[in-house]
1. When the residues of the stretch 24-35 are narrowed to those that are modelled with pLDDT of 75 or more and of a type outside the set (D, E), which ends up surrounded by the fewest Cβ atoms within 10 Å (Cβ to Cβ)?
2. Scan K40, K21, K9 and give me the residue that is basic (K, R), modelled with pLDDT of 85 or more and in a helix (DSSP H, G or I).
3. Is there a residue in the stretch 50-58 that is at pLDDT 85 or above and either among the aliphatic types (A, V, I, L, M) or under 11 Å from the mean Cα position of the chain (by Cα) (or both)?
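The values are calculated or read from the model by the stated rules, or taken from the named source; none is laboratory data. Model, not experiment: these values are computed from the prediction. Using ideal geometry, Cβ is built from the backbone for each residue, glycine included, and neighbour counts are taken over all protein chains shown.
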Amino acid sequence: MVHTDFQRKGFGTMGIETLLKHCQQEILYGFNYFALKGSKHFIRSLGLRNVTQKCPWNDSV
C-alpha cells in the first residue's frame, strides 16, 4: 500500500511493473496478491485480474 501522501504519483504502478518484469525474467506465470477493497480500478489498470476471495487473516475484507 502506498501512503496517501504519495498516491497518484506512479509509485504503486512502478512497484507492480517491477514485480511483473521480475516474474517474466524468472519465467513465472503468475503470483497471488492481496489488495484493498478500493483498489479495483488500480489493479485493472495494470492488466491484472481481480479474483475475489476473502483475506485469510481479516474477515472484514
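1. I27
2. K21
3. Looking through the stretch 50-58, none of the residues is at pLDDT 85 or above and either among the aliphatic types (A, V, I, L, M) or under 11 Å from the mean Cα position of the chain (by Cα) (or both).
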